[in-house]
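Following: one structure in structure tokens, then a few remarks.
The values are calculated or read from the model by the stated rules, or taken from the named source; none is laboratory data. Fair warning: this is a prediction, and the values are worked out from it, not measured in the lab. Counting neighbours? That spans all protein chains shown, and the Cβs are built from the backbone with ideal geometry, glycine included. Just so you know, the surface numbers come from the protein's heavy atoms only, side chains and all, with ligands and any DNA or RNA stripped out. Shrake-Rupley method; radii C 1.70, N 1.55, O 1.52, S 1.80 Å.
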Amino acid sequence: MGVDIPGSVVGERPFGREADLEAVRSFFLDGERGAALLVTGEAGVGKSVVLRCAAQDALAVGLRVVQAVG
């Protein structure tokens, strides 16, 4: 089950980035309330796809997601 995030493709999953997605999921599932996550990396490596998938998963379990770009 996923929640549609603006700019995402329904069913979009990161190819070859399962470990990264799992790391982000564990951050919000095991993390402290009010925590923040900063993701950096070279352009085109899949950061946005991983974060969109993680945001969908977080919303699906009732967490609030705030995104910033810039």
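Summary table
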| read-out | value |
| --- | --- |
| Subset of region 37-66 (residues that are closer than 18 Å to A23 by Cβ and either open to solvent by 70 Å² or more (accessible area, probe 1.4 Å) or outside any helix (DSSP H, G or I) (or both)) | L37, L38, V39, T40, G41, E42, V45, G46, S48, V61, L63, V65 |
| Qualifying residues in region 11-36 (those that are open to solvent by less than 60 Å² (accessible area, probe 1.4 Å), part of a loop (DSSP other than H, G, I, E, B) and not charged (D, E, K, R)) - the one modelled with the highest pLDDT | G16 |
